[in-house]
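Undergrad: Could you have a look at this structure, given as structure tokens, before my questions?
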Amino acid sequence: MLRKIVDRAAIGMAVTGMDGVVVYTNSAFEREFAPDRSTSASILHGFFDPRDLDVISALSNVFEGRNEGYDGEHLCRGHGGKMIWALIAVSVLKSDTTGEPIYVIVQVGSIDRRKQVESALAESESRWHFALEAARQGVWDHNARTGRMFYSPMWRTMRGIPHDEAVDDDQEAWLERVHPDDRDRIRPNVSRQNKGEQGYDILEYRERHRDGHYIWILSRGKPVEWDEDGKVLRTVGTDTDITHLKKIEARLAHAASHDSLTQLVNRPAFQTSVETALAGLASSYLVFLDLDHFKPINDALGHAAGDNVLVEVGRVLRHYILPTDAAARIGGDEFAVLLNHTDKTKVYEIAKTVSDAIRSITVGQVPAVDLPTFGVSVGIVGLSSEMDFGTALARADAACYAAKRAGRGRIVMLD
């Protein structure tokens, strides 16, 4: 009965003498494996991969009495000579009378299919890992049951965090790294992303790098596992460092709203500022500036010198107005300034200061003041709610024209 039980066991079993020669194999062993059946052949010869010195050495120690057992995963010879992966367990059977080792029992179970699956899975994971790493995608995995987070090497790299450093999984610890201006906006959206709410699978925010600066993160995440009640158990996502894209975006936005030469705002952007002021109740003034006899600078010194004068005018305007105000190059040698929250007297003082500063501009080694009648004519108009941008600009332009008719280099303020 014992022989029948052993013979019908699901796992392959072989019995060898202490010389390694096989004396018995059960049916499962016969189905899966093919040892050398010659009378002098040891199970060590031909049954295992001859390049696998670990198993040869381990079993030699068993047969030579230095060890009483061994287990491990190794390639073994199957039918047709094909080497297949097997889990082996080896133990010594001793004599009940003398206690001397007389047999070695070798139990062998094929794990070739499992190894193939593991290999395919490892290859797939490796492929996706390298693809994500090459695309600089940092992977995160949130387990709602345990509250733990997994972070991939690239996730750490983009933040300057060492790969072997433990990262605090607490959400508040992460939010502490988020830029203060983004924190309140991001906080409620994180839980919505974890729940898979429509429209919240993509988040953009700034996070502090280990060296202190902030990087822009584009985070995509979706639930991948739910319980029987529909509660999300696991959310997986990727983070991308989009700092360089944000810089490009900022440059494009700046270029779309600013004059490329003077770096003052352009006419469309200035119009938006004026229309905002017209819609408000605060006292605001529109100042129109037209350079006097600017053409002689281009004629005498060249267009590069003329451009330098325009750049310096822009610098003067930025220096003398507040951040709440706006200065623009309207076109050619015409400029405009919006002054908010001020009165007539202060507006006139600012206009006079700016006018004097423009007259003192130097072009290379030649003071611009030495050029014939160089200066600026200034027109000022107070804004009121019944105006639109076109009306306000036309009235300020008319005031500037009046200054030119009065002899140029003057300031005219219209009621």
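Undergrad: Say we look at region 84-138 and pick out the residues that are among the hydroxyl-bearing types (Ser, Thr, Tyr) and assigned to a strand (DSSP E or B); which of these is surrounded by the most Cβ atoms within 10 Å (Cβ to Cβ)? Lay out the reasoning, then the answer.
TA: First, the residues of region 84-138 that are among the hydroxyl-bearing types (Ser, Thr, Tyr): 91, 95, 97-98, 103, 110, 119, 124, 126.
Now drop any that are not assigned to a strand (DSSP E or B), which leaves 91, 103, 110.
Details: 91: 15, 103: 16, 110: 19.
Ranking the qualifying residues of region 84-138, first place goes to 110.
Undergrad: Residues 347, 337, 369: which one is modelled with pLDDT of 90 or more, part of a helix (DSSP H, G or I) and either in contact with a Gly (Cβ under 9 Å, 6 or more places away or on another chain) or in the same structural domain as residue 276 (by TED's automatic domain parsing) (or both)?
TA: 347
Undergrad: Mind checking whether some residue in region 278-295 is assigned to a loop (DSSP other than H, G, I, E, B), surrounded by 14 or more Cβ atoms within 10 Å (Cβ to Cβ) and hydroxyl-bearing (Ser, Thr, Tyr)? Let's see the steps before the verdict.
TA: Taking region 278-295 first, the residues assigned to a loop (DSSP other than H, G, I, E, B) are 280-283, 293-294.
Filter once more, keeping what is surrounded by 14 or more Cβ atoms within 10 Å (Cβ to Cβ): 283, 293-294.
From what is left, the residues that are hydroxyl-bearing (Ser, Thr, Tyr) are 283.
Checked region 278-295: at least one residue is assigned to a loop (DSSP other than H, G, I, E, B), surrounded by 14 or more Cβ atoms within 10 Å (Cβ to Cβ) and hydroxyl-bearing (Ser, Thr, Tyr).
Undergrad: Next question, about the same structure. How many residues are aliphatic (A, V, I, L, M), more than 11 Å from the chain's Cα centre (by Cα) and closer than 19 Å to residue 186 by Cβ if we restrict to region 206-245? Can you show your working first?
TA: Going residue by residue through region 206-245, those that are aliphatic (A, V, I, L, M) are 215, 217-218, 224, 232-233, 236, 242, 245.
Checking which are more than 11 Å from the chain's Cα centre (by Cα) leaves us with 224, 232-233, 236.
Adding the requirement that they be closer than 19 Å to residue 186 by Cβ leaves 232, 236.
Residues flagged as aliphatic (A, V, I, L, M), more than 11 Å from the chain's Cα centre (by Cα) and closer than 19 Å to residue 186 by Cβ within region 206-245 amount to 2.
Undergrad: Restricting to region 21-78, and then to whatever is polar (S, T, N, Q) and part of a strand (DSSP E or B), can you tell me which residue is nearest to residue 2 (Cα to Cα)?
TA: The selected residue is 25.
Undergrad: Quick check: is even one residue across region 388-403 modelled with pLDDT under 90 and either over 25 Å from residue 304 (Cα atoms) or assigned to a loop (DSSP other than H, G, I, E, B) (or both)?
TA: no
Undergrad: Output the residues belonging to region 45-70 that are surrounded by 15 or more Cβ atoms within 10 Å (Cβ to Cβ) and touching a Ser or Thr at 6+ places or on another chain (Cβ under 7 Å).
TA: Of everything in region 45-70, nothing turns out to be surrounded by 15 or more Cβ atoms within 10 Å (Cβ to Cβ) and touching a Ser or Thr at 6+ places or on another chain (Cβ under 7 Å).
Undergrad: Taking region 1-20 on its own, how many of its residues are assigned to a loop (DSSP other than H, G, I, E, B) and small (Gly, Ala, Ser)?
TA: 3
Undergrad: Can you tell me which of (1) out of contact with any helix residue (DSSP H, G or I) (no Cβ under 6 Å at 6 or more places or on another chain); (2) within 26 Å of residue 362 (Cα to Cα) is the one residue 273 doesn't meet?
TA: That leaves (2) as the condition not met.
The values are calculated or read from the model by the stated rules, or taken from the named source; none is laboratory data. All of these numbers come straight from a predicted model, not from anything done at the bench. In this analysis, Cβ positions are derived from the backbone assuming ideal geometry, glycine residues included, and neighbour counts consider all displayed protein chains.
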